[in-house]
1. If you line up the Cα atoms of the stretch 199-247 on their principal axes, what length do they span on each, largest first, in Å?
2. What is the ratio of the Cα radius of gyration of the stretch 1-94 to 2.2 N^0.38 Å, with N the residue count, to two decimals?
3. Which of ILE246, ILE16, ILE64 ends up with the largest GNM mean-square fluctuation for the chain, with Cα atoms connected below 10 Å?
4. At ARG224 and TRP245, where each label point lies 7 Å from the Cα along Cα→Cβ, what is the point-to-point distance in nanometres?
5. Read phi for every residue in the stretch 107-120 and hand back ³J(HN,Hα) as whole Hz from Karplus 6.51 cos²θ - 1.76 cosθ + 1.60, θ = phi - 60°, with x for Gly and Pro.
6. Near the amide H of ALA158, under 5 Å away, which other amide H atoms are found, from residues 5 or more places off or on another chain, if H is placed in the peptide plane?
7. Count neighbours as other Cβ atoms within 10 Å of each site's Cβ, and list the GluC sites (Glu not before Pro) in the stretch 33-80 that are DSSP loop with at most 12 such neighbours.
8. Of GLY28, GLY37, GLY59, which is the most mobile in a GNM of the chain whose springs link Cα atoms less than 10 angstrom apart?
Amino acid sequence: MTNPRPAEAARPLALITGVGRGAGIGAGIARSLASSGWDVAFTYWTPYDRRMAWGAEEGAPESIAADLAARGAATAAVEADLADPAAPARVLDEVEGRLGMVTALVLSHCESVDSGLLDTTVDSFDRHFAVNARASWLLIREYGRRFTGPHGTGRIVALTSDHTVGNLPYGASKGALDRITLAAAHEFASLGVTANVVNPGPVDTGWMTDELRDEVRAATPLGRLGTPQDAAHLVDFLLSPQGQWINGQLLHSDGGVA
């Protein structure tokens, strides 16, 4: 699925992973970037949503792509199981073939299945690390190998979490993601690529119970829940020329939740 760029418009290209549902953080970031003048390629993996409590959103990739196109963006949607170590290179190949060089890489995909120290299975642990850590490393590696943009224009942003209790493999693999991403701020210095990690805190994208929503509101100074657009505002800034001096940081953008 590809919506080409109008010939007269020159826009940078962002690749966003994990954009499978319209209510998700990835989709919020995609809409914000499209409105800010970016072309947007994105990945999704419907089987993951199907096995989660919220279920798959039928037609989501098409509707998200149409929304981005209405905001002036050329788009390309690529279905990819990022647990496959061959997927990151294939995704970059497809995106480059359709839309050209990726200027910014935004990692918002995840494997997230609740389990703790005693009930996490080896298979679940391995899949969390394959998706959240290994795939992120491979995507960053492919991006770094291919980036040829002007010095100072490249961007990497990864979405993370500090949750571990009752969600051990998710939190542990996100910790690995943090270190992998922050390494790029130094290892990609010669490319002029910045790399940052954003912790958006608890964002209600359909997974919260009513009880949890009340608890999060009570623990947040502004008394409201985080939204995908809250995360999108910060990512949009980090990818902009004005965000260039922020580099190698793990930023909490969570409303001050206790």
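None of the figures in this text is laboratory data; all of them are computed from the coordinates on show. As the structure is a computational prediction, the values presented were derived from the model and not from experiment. A quick note on method: Cβ atoms are made from the backbone with ideal geometry, for glycine too, and the neighbour counts reach across all protein chains shown.
1. The Cα atoms of the stretch 199-247 stretch 41, 22, 14 Å along the principal axes, largest first.
2. Rounded to two decimals, the normalised Rg is 1.05.
3. ILE246
4. The modelled label-to-label distance comes out at 2.9 nm.
5. Listing the rounded values in order: 9, 10, 7, 6, 9, 8, 10, 5, 5, x, 4, 8, 10, 6 Hz.
6. The answer is LEU107, ASN196, VAL197, VAL198.
7. GLU58
8. The residue that fluctuates most here is GLY59.
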